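Notes follow the structure.
The values are calculated or read from the model by the stated rules, or taken from the named source; none is laboratory data. All of these numbers come straight from a predicted model, not from anything done at the bench. Don't worry about glycine lacking a Cβ; one is built from the backbone with ideal geometry, like all the others, and counts go over all protein chains shown. Accessible surface is based on the protein model in full, side chains and every heavy atom, while ligands, DNA and RNA are left aside. Shrake-Rupley method; radii C 1.70, N 1.55, O 1.52, S 1.80 Å.
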Amino acid sequence: MGDVFGSGAMTITGLWLLYFYIEVAGLSPAAAASIFAIAKIWDGITDPVMGYITDNIRTRWGRRRIFFLLGAPLSLTFALMWWSGYGYFWYLGTYLLFSTVFTLLMVPYDTLPAEMTTRYDTRSKMSGARMLFAQATAFLSALIPGQILAHVADKEQAFMLIGLVFAILFSLPWIFVWRGTWERDNLPPPQTQQGLMKTLGALYREMASTFRLKTFRIHIMMYVGGAVALDIFGSLFMHYMTYVLQVGAGLASQALSLMTLCQFFAIPIFTWLCIRIGNGHAYKIAISLIILSLLWFSQLSASFTYITWLLLGGAMMMGFARGGTYLIPWNVYNFLPDVDEAYTGVRREGIYAGVMMLTRKFSQALALFIVGLALEGFGFTKGAESQSAAAINGIWWVFVVGPGLLTILAMTGAFRFRLSQDRHAVLITELERLREGGKPEDAPAAAREVVETLTGHRHANHLWENKAHAQPAILQESRQPS
């Protein structure tokens, strides 16, 4: 249920916020793009810090779940972003505020599957369950704004109402999340550093160390390629429908709603595929559907007789693609702390959640930044009923070609991905042996092959010898004799 907030906020900002900034708030495309760019600098501080805090705080209410109680009322600040009539700094400030609240809630939330179970199939089902809530909310995030805009003539009032409705919706699930989840026992000792600067320095080194893990690098390749492609597609969808295909806002909203509805039905299908054929193969299917959908939309024209049905057909295809593309990277994330522990000897769910959250928000901001600058560069005129030929051609190129290039990156990662259900089972058995005092050099050949394939490093003894130290072993590796 936490993804009512997590997915809903990301969906509605991805689909509607750039449109609101330009068409309603009156910001230029470049000014709107700068808001997302500045926010990512701020996220670069808050996301890893939050990951560090949730790994190391100790309270009677847990180290993760306590933040659900603190952050729930703050989620109401979402409504402030959608008030019109203010200047640039209001929209920058409200976006930064809500981005911070998003970090406060979602970084600890994303650690929970790895905290609650070690089973591959159970974690996959957890990911599927949370994504059902995510896609149901994504459907509402497309449907409700479209209906409000259709029935409220004043766009300023319409978006203010949209903000209020979703702010209330986003604040509701957290008491249920808090009551219905748990955390692991036998926590490792917290890391300690002296002074703020030393703590931040160690934190960023630890954050960067996640990229030394081969599986994580491949995972980020898949994640960023697919997510940014879909963010560019989603942020330009209304502009593409309105100016390139010249269809009405009502039909465009119907297509958007149908697309998000199909995302919902795609989740159980891709959850089953992840368990049956593995995350990598399932992701290849999802990315292939994105490519087919982009080709489909690129061939549509306002002159087609059956443009309505062709448009809705393309929306259905893209909806299934989006469901799998959003689900699978977050399912993979649940297993990354296990691979990391085989290399470092410590559990770092919070750090990986922080890096994932920063990557997700950065990817969405990058997409909106690219779209904003592209619209400005191609001569898009805000608020105009029609656009120049150069602006329309620019929308087509960014809408079709930009996501197409990014899907190549995602597909490359999918073909290199090696974390399967069988390998994960071997990995868990090896981790249990190591926790009981076993030595890496005594590992069975199959376990050694799995660890080295997934981590990209030798199954080394000194990493586990350092596991009791305050710093993660991966940070101390550079101090070991070569």
Review point. Ignoring any ligand, DNA or RNA, what whole percent of the accessible area of the chain comes from carbon and sulfur when the probe is 1.4 angstrom?
Key: 65
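Give the accessible surface of the chain per residue, rounded to a whole number of Å², with probe radius 1.4 Å and ligands, DNA and RNA excluded.
39
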Exercise for review: Could you work out the relative contact order of the chain, using alpha carbon pairs under 8 angstrom and six or more residues apart, expressed as a whole percent?
Suggested key: 26
**Study point:** Lys/Arg +1, Asp/Glu -1 at C-beta; the chain dipole; positive extreme among Thr59, Gly248, Tyr283
**Key:** Thr59
Study note, to complete from the structure: Of the residues Thr100, Tyr343, Gly402, the Cα lying farthest along the dipole of the chain towards its positive end, which is defined by charges on the beta carbon of Lys, Arg, Asp and Glu, belongs to Tyr343
Study note, to complete from the structure: Per 10 angstrom bin, beginning at 0 and ending with the bin that holds the maximum distance, the Cα pairs of region 1-122 fall in percents of 12, 39, 30, 14, 5, 0
Revision key, fill the gap. Descending packing, highest mean Cβ count within 10 Å first, for 79-85, 449-455 is 449-455, 79-85
Study note, to complete from the structure: The Cα radius of gyration of region 1-56, divided by 2.2 N^0.38 Å with N its residue count, comes to 1.42
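Given region 257-338, report the % of alpha carbon pairs whose separation exceeds 17 Å.
49
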Study note, to complete from the structure: Count of lysine pairs, the chain, Cα-Cα under 27 Å, sep. 8 or more residues or interchain, comes to 18
**Study point:** Size of charge dipole - region 209-346 - debye, nearest 20, with Cβ of Lys, Arg +1 and Asp, Glu -1, no other charges
**Key:** 200
Check your understanding: Charges only on Cβ, +1 for Lys and Arg, -1 for Asp and Glu: so what's the dipole of region 45-126 about the Cα centre, in debye to the nearest 20?
Key -> 360
Point to revise | Whole-Hz couplings from phi, Karplus 6.51/-1.76/1.60, listed for region 227-244; x for Gly and Pro | key: 5, 5, 4, 6, 5, 5, 4, x, 5, 9, 4, 5, 5, 5, 5, 6, 9, 8
Review point. With charges set only on the Cβ (+1 for Lys and Arg, -1 for Asp and Glu), what does the dipole of the chain come to about its Cα centre, in debye to the nearest 20?
Key: 640
Review point. By the gyration tensor of its Cα atoms, with a ≥ b ≥ c the square roots of the eigenvalues, what is the shape of region 78-161: rounded for a/c under 1.5, prolate for a/b over b/c, or oblate?
Key: oblate
